[in-house]
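Right, one structure below, let's go through it.
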Amino acid sequence: MLALADAHCHLDPHHFGEGPEAVIERARAAGVIGFVVVGLAGPARDGQDEIEPARFAVNLAQRHAGHVAACVGLHPHDASTYNEPLRNELRALAFGPDVVAIGEIGLDYHYDHSPRGKQREVFARLVALGREVRKPIVVHTRSAAQDTLAILEGEGAREVGGIIHCFSEDRAFAARALDLNFDLSFSGIVTFKNAVSIQDVAAWAPKDRILVETDSPYLAPVPLRGQKCEPAYVLHTLRHVAQLRRVPADELAVLTLANTERRFSKRFARSDVAR
């Protein structure tokens, strides 16, 4: 059985009412031994405060220390909710040993749920937080390629690097991101028929700079497109990228697991892989 890492997944209760343990168990049965779980602060929901989703990810990493790592951040959709108390809460969590990255953070000009100027301001401030805590940055970018790269460069993100999560840009963007010390993480989008430029990058990118992810519960890969995505499905994305690169899936599994562990400074347990 392949040993895989899901470099970016959301396992919050409002996504998976059955609880994260059941989702993790199914993924473990499929060979997933590593989970980078995203904890996003934002608008309070269901009686919880705005930082609770970030705490959830950290607590999950503490309960499953051998297999789960957490990152904490603020999605660009929710940039308008940013304030200094929220930043201080994120900062306190980010210094903890179970948090391996700041993210996801970035820019989303497709939906514009927060004003673009505010998105840019918050992105810059959270890149600075990544530099302060000396941990990599997980970047969300949509319809904002040039501003994303400009902020990463201008704020010195190269010092800590990170990943471009759910990579959906072209080779020119990829080359600049790689130069800025960012790896490329491919989601189920790479399996979509019309994702030609993304597939080109997945086939071309240096083998030591690529990761695979689900972004669960979003973007289930072919042949499961349209279903709620979960970490077990990362196997389909890995197989598709292996085909694009014309390498065996087991070889790519070893590479992407190693790349994930290197980027996030986290080694996942191998002794009890589900079989």
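The values are calculated or read from the model by the stated rules, or taken from the named source; none is laboratory data. Everything quoted here is computed from the prediction, not taken from an experiment. Ideal geometry is used to build each Cβ from the backbone, glycine not excepted, and the neighbour counts take in all protein chains shown. Please note that ligands, DNA and RNA were not included when accessible areas were found on the heavy atoms of the full protein model with its side chains. Shrake-Rupley method; radii C 1.70, N 1.55, O 1.52, S 1.80 Å.
Output the residue which, of all residues in region 99-122 that are assigned to a strand (DSSP E or B) and either of a type outside the set (A, V, I, L, M, F, W, C) or open to solvent by 70 Å² or more (accessible area, probe 1.4 Å) (or both), is farthest from residue 161 (Cα to Cα). Checked region 99-122; the qualifying residue farthest from residue 161 (Cα to Cα) is 108. Please tell me if residue 84 is out of contact with any Gly (no Cβ under 9 Å at 6 or more places or on another chain) and within 19 Å of residue 129 (Cβ to Cβ). So residue 84 fits the description; yes. Taking residue 261 as the residue in question, decide whether it is open to solvent by 30 Å² or more (accessible area, probe 1.4 Å) and of a type outside the set (A, V, I, L, M). It is false that residue 261 is open to solvent by 30 Å² or more (accessible area, probe 1.4 Å) and of a type outside the set (A, V, I, L, M).
Residue check: is residue 128 within 26 Å of residue 211 (Cα to Cα), buried (at least 23 other Cβ atoms within 10 Å of the Cβ) and modelled with pLDDT of 95 or more? Please lay out each step first, then the result.
Working: within 26 Å of residue 211 (Cα to Cα): yes; buried (at least 23 other Cβ atoms within 10 Å of the Cβ): no; modelled with pLDDT of 95 or more: yes.
So residue 128 does not fit the description; no.
Annotation note: of 96, 47, the sole residue that is in a loop (DSSP other than H, G, I, E, B), open to solvent by less than 70 Å² (accessible area, probe 1.4 Å) and farther than 25 Å from residue 141 by Cβ is 96. Reported count of residues in region 153-177, each being open to solvent by less than 40 Å² (accessible area, probe 1.4 Å) and more than 27 Å from residue 217 (Cα to Cα), is 3.
Residues being on the phi < 0 side of the Ramachandran plot and open to solvent by 50 Å² or more (accessible area, probe 1.4 Å): count how many of those fall in region 207-230. Going through region 207-230 one residue at a time, the tally reaches 8. For region 20-40, state whether one or more residues are in a loop (DSSP other than H, G, I, E, B), surrounded by fewer than 17 Cβ atoms within 10 Å (Cβ to Cβ), over 16 Å from the mean Cα position of the chain (by Cα) and not β-branched (Val, Ile, Thr). Checked against the condition, which is being in a loop (DSSP other than H, G, I, E, B), surrounded by fewer than 17 Cβ atoms within 10 Å (Cβ to Cβ), over 16 Å from the mean Cα position of the chain (by Cα) and not β-branched (Val, Ile, Thr), region 20-40 yields no hits at all.
When the residues of region 178-191 are filtered to those that are hydrophobic (A, V, I, L, M, F, W, C) and open to solvent by 20 Å² or more (accessible area, probe 1.4 Å), which remaining residue is nearest to residue 100 (Cα to Cα)?
Here the residue is 178.
In the set (1) farther than 22 Å from residue 252 by Cβ; (2) in a loop (DSSP other than H, G, I, E, B); (3) more than 16 Å from the chain's Cα centre (by Cα), the condition left unmet by residue 135 is number (3). Being more than 21 Å from residue 264 (Cα to Cα) and either at pLDDT below 95 or under 19 Å from the mean Cα position of the chain (by Cα) (or both) is the requirement here; does residue 198 meet it? It is true that residue 198 is more than 21 Å from residue 264 (Cα to Cα) and either at pLDDT below 95 or under 19 Å from the mean Cα position of the chain (by Cα) (or both).
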